[in-house]
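*Asks:* Quick one: the structure is below, questions incoming.
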Amino acid sequence: MTPPDLDGLRALDARDPLASKRAEFLIPGGVIYLDGNSLGVLPARVPERMERVVREEWGQDLIRSWNTHGWIDLPARVGARIARLIGADADEVIAADSTSVNLFKVLSAALHVAAKGDPRRRVIVAEEDNFPTDLYIAQGLAALLGEARAELRLVAPHRVADAVGDDTAVLMLTQVDYRTGERHDLPAVTRRAHERGALAVWDLAHSAGAFPVDLNGAGADFAVGCGYKYLNGGPGAPAFLYVARRHHADAPNVLSGWMGHASPFEFTSRYTGASGIGQYATGTPSILSLSALDAALEVFEDVEMRLVREKSLSLTRTFIELTRPLCARHGFRLATPEDDARRGSQVSLAHPHGYEIMQALIAAGVVGDFRAPNLLRFGFTPLYTSHEDVWHAVQTLDTVMREGRWQDARYAERNAVT
Ligand SMILES: *Cc1c(COP(=O)(O)O)cnc(C)c1O
C-alpha cells in the first residue's frame with residue numbers, strides 16, 4: 001500500500017463530519033497535540049463555566065448553591081452524560097473520586113456479590129501488565145480482606161479468560177492497554193467470564209470518549225474510568241463509576257460515607273446506603289472540577305460515537321502507514337495491533353531511545369508521551385485532531401530523527417512525569 005499523501009489526507013479532512021468540533025477546543029498555537037489520552041485539550045466552554053461557577057455560584061450564592069444551582073445532583077448529572085458514551089443507563093453511572101478510588105469501591109462490591117453466590121469465589125484475575133494503579137488497588141484490597149476472602153491472581157496478557165476458574169470472583173481488565181493501545185473485545189471477554197461464573201469489572205480509562213462502549217449490551221457488571229483523558233475534564237478531573245442496575249440491591253459500597261447514605265441530611269448514626277447508583281458516592285463532591293467536566297461533556301452532546309470510532313481508526317491507520325518507512329529508516333517498531341478491531345485510539349512505537357526522541361519531538365511542537373521502558377505513545381482524539389495534523393506530526397518525527405536532534409544531552413534528563 002502506498003503511504004497516504006498530504007492532498008489525500010486534506011481531502012479526508014474536508015469531508016470529516018466531526019471537523020467542526022475542533023473549534024470547540026482551545027488548542028495552543030504551534031502545537032500538534034497527540035496526548036489527549038493522558039490529558040485532554042481544554043474545551044472552549046470550560047473557562048466560561050468556571051468563571052460563572054467561581055464568581056456567581058460560589059462567590060455570590062455560596063451555600064445556597066447546593067440547592068439553587070443543583071450542586072448536590074452534579075455527580076448524577078455528569079454520570080448521566082457519561083452513561084450515554086459507555087452504553088449505560090443514566091442511573092447506572094456517577095462521577096466521583098478518582099479512578100483508583102472507584103476501582104476499590106467496585107472491586108469490593110464485586111467480591112461481595114460473588115462470595116454471596118458462592119463463598120469459594122474469592123480470586124481477582126487480572127493481567128500482570130495492567131496499569132499499575134489497578135493492580136496496586138487490588139493488592140491493597142486483598143491485603144485488607146485477607147487470604148480467606150480475597151486473592152489477586154496475575155496472569156500473562158491474553159491468558160485472562162482461560163485463567164477464570166471455579167474460585168474466581170472477578171475478572172478485572174482494562175479494555176485498552178495503556179502501553180500498546182491493544183483493545184480487548186469487551187462483549188466477548190465479558191461473556192467468557194460469565195460462562196465461567198465470574199463477574200466482569202472493566203477499566204475504561206482509554207475507552208470512554210474514544211469510541212462507543214456498550215456496557216449494558218455486553219452485560220458488564222462494574223466499570224470505572226477517567227474524566228481527564230478522552231473526556232477532556234481537566235487535570236485530575238473526577239472519575240466515573242458504573243454499576244449494572246441488577247447489582248444495586250446487593251453490592252454495597254465499602255467506602256460508606258455520608259454522601260452515599262439514603263438520607264444524609266437526617267444525620268443518623270447508622271449507615272443505610274441509598275438504593276440506586278447514589279450509594280456509590282462517598283464524600284462531598286468537588287464542585288469546581290465536576291463543573292469543568294460537565295462543561296467538557298457538553299461537547300459530546302451532539303456527537304455520534306460511531307463517527308468518533310470511524311475517524312479514530314482512520315487517524316491511527318494513517319499514522320501507522322506514514323510511520324512504516326520511519327520504522328525501517330530509524331529503527332522504530334510498531335507496538336500496536338494493525339488489526340482495526342484490536343486497536344484503541346492510540347499508537348505506540350518502540351525505540352531504545354524512546355525517551356530522548358519524545359523529548360525532542362515535544363520541543364519541536366508535537367506532543368505525545370513516553371512509557372517505560374521504550375514506548376513513544378501517540379493518542380488520537382477525533383474531536384480535535386485532523387489527518388493533516390497526523391501528516392505534520394510524522395514529518396516532524398522524521399526530521400527529529402534525520403537531524404539526530406534527540407541526541408542533545410538536555411533531552412536525556414528525566415522529568416518527574418514522563
Ligand atoms: C490513567 C489510568 C488510571 C488513572 O487512575 P487515577 O486514579 O485517575 O490516577 C487508572 N487506570 C488506568 C488503566 C489508566 O489508564
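Derivation of every value follows stated rules applied to the coordinates shown; laboratory data play no part. The structure presented is a predicted model; accordingly, all values stated were derived computationally and were not measured. Methodologically, a virtual Cβ is constructed for each residue, glycine included, from the backbone with ideal geometry; neighbour enumeration extends over all protein chains shown.
*Asks:* State whether region 276-418 is rounded, prolate or oblate according to the following rule on the C-alpha gyration tensor (a ≥ b ≥ c being the square roots of its eigenvalues): a/c under 1.5 gives rounded; otherwise a/b larger than b/c gives prolate, and the remaining case gives oblate.
*Replies:* Prolate.
*Asks:* I've got another one for you. Give the value in nm², to one decimal: projected area of the alpha carbon convex hull of region 328-369, averaged over all directions.
*Replies:* 3.5
*Asks:* Mind listing the long-range amide H neighbours of A96? Cut-off is under 5 Å, sequence gap 5 or more, other chains count too, H placed in the peptide plane at 1.01 Å from N.
*Replies:* Answer set, sorted by chain and number: A239, F240, L241.
*Asks:* Separate question: Using only the alpha-carbon atoms, how far is helix 132-145 inclined from the longest principal axis of the chain? Give it as 0 to 90 degrees, nearest 10.
*Replies:* Its long axis makes an angle of about 20 degrees.
*Asks:* Roughly how many Å is it from the Cα centre of region 284-330 to that of region 74-129, as a whole number?
*Replies:* 23
*Asks:* Apply the a/c threshold of 1.5 to the C-alpha gyration tensor of region 1-148 and tell me whether it is rounded, prolate or oblate.
*Replies:* Because a/c hits 1.5 or more and a/b fails to exceed b/c, region 1-148 counts as oblate.
*Asks:* Pairs of alpha-carbon atoms within less than 8 angstrom and 6+ residues apart define the contacts here; what relative contact order does the chain have, in percent?
*Replies:* About 22 percent, as a whole number.
*Asks:* Grab the eigenvalues of the alpha-carbon gyration tensor for region 70-300, scale each by 5, take roots, and send me the semi-axes largest first in whole angstrom.
*Replies:* Whole-Å semi-axes of the equivalent ellipsoid: 26, 22, 15.
*Asks:* Could you list T282, T396 so that the one with the fewest beta carbons within 10 Å of its beta carbon is first and the one with the most is last?
*Replies:* Least crowded to most crowded, the residues run T396, T282.
*Asks:* Per-residue ellipticity at 222 nm for the chain, helices alone: DSSP H runs ≥ 4 residues times -39500 (n - 2.57), over residue total, nearest 500 deg cm²/dmol?
*Replies:* It comes out at -11000 deg cm²/dmol, rounded to the nearest 500.
*Asks:* Applying the Karplus parametrisation 6.51 cos²θ - 1.76 cosθ + 1.60 with θ = phi - 60° to the phi angles of region 96-111, what ³J(HN,Hα) value in whole Hz is obtained for each residue in order, glycine and proline being reported as x?
*Replies:* 3J(HN,Hα) across region 96-111, in whole Hz: 5, 6, 9, 4, 4, 5, 5, 5, 4, 5, 6, 5, 4, 5, 5, 4.
*Asks:* Rounded to the nearest 5, what % of DSSP beta bridges with both residues in the chain are antiparallel?
*Replies:* Roughly 55 percent of the beta bridges in the chain run antiparallel, per DSSP.
*Asks:* Something else: Taking the alpha-carbon centroid of each part, what is the distance from region 49-66 to region 1-48 in angstrom?
*Replies:* So the separation of the two Cα centres works out to 32 Å.
*Asks:* Also, I was wondering about something else. If one takes the longest principal axis of the Cα atoms in the chain, at what angle in degrees, from 0 to 90 and to the nearest 10, does the Cα axis of helix 186-195 lie?
*Replies:* The answer is roughly 40 degrees.
*Asks:* Could you please rank I27, I357, placing first whichever residue has the fewest other Cβ atoms within 10 Å of its Cβ?
*Replies:* On the way: I27 16, I357 24.
Placing the least packed residue first, the sequence is I27, I357.
*Asks:* Which order do R64, R45 fall in if you start with the one that has the fewest other Cβ atoms within 10 Å?
*Replies:* Values: R64 11, R45 17.
The most exposed by this proxy come first: R64, R45.
*Asks:* Another question, if that's okay. Packing-wise, with mean Cβ within 10 Å as the measure, how do 124-132, 166-174 rank, highest first?
*Replies:* In descending order of packing, they fall as 166-174, 124-132.
*Asks:* Using alpha carbons only, how many angstrom separate the centre of region 353-418 from the centre of region 192-215?
*Replies:* About 31 Å separates the Cα centre of region 353-418 from the one of region 192-215.
*Asks:* Moving on to the next point. Highest first, please rank the peptides 384-392, 2-10 by the mean number of other Cβ atoms sitting within 10 Å of their residues.
*Replies:* By packing density, highest mean first, the sequence is 384-392, 2-10.
*Asks:* To continue, here is another question. Can you compute the equivalent ellipsoid semi-axes for the chain, i.e. the square root of 5 times each eigenvalue of the Cα gyration tensor, sorted largest first and rounded to whole Å?
*Replies:* Gyration-tensor ellipsoid for the chain: 37, 27, 19 Å.
*Asks:* If you line up the long axis of helix 305-330 against the longest principal axis of the chain, both from Cα atoms, how many degrees apart are they, to the nearest 10?
*Replies:* That works out to roughly 40 degrees.
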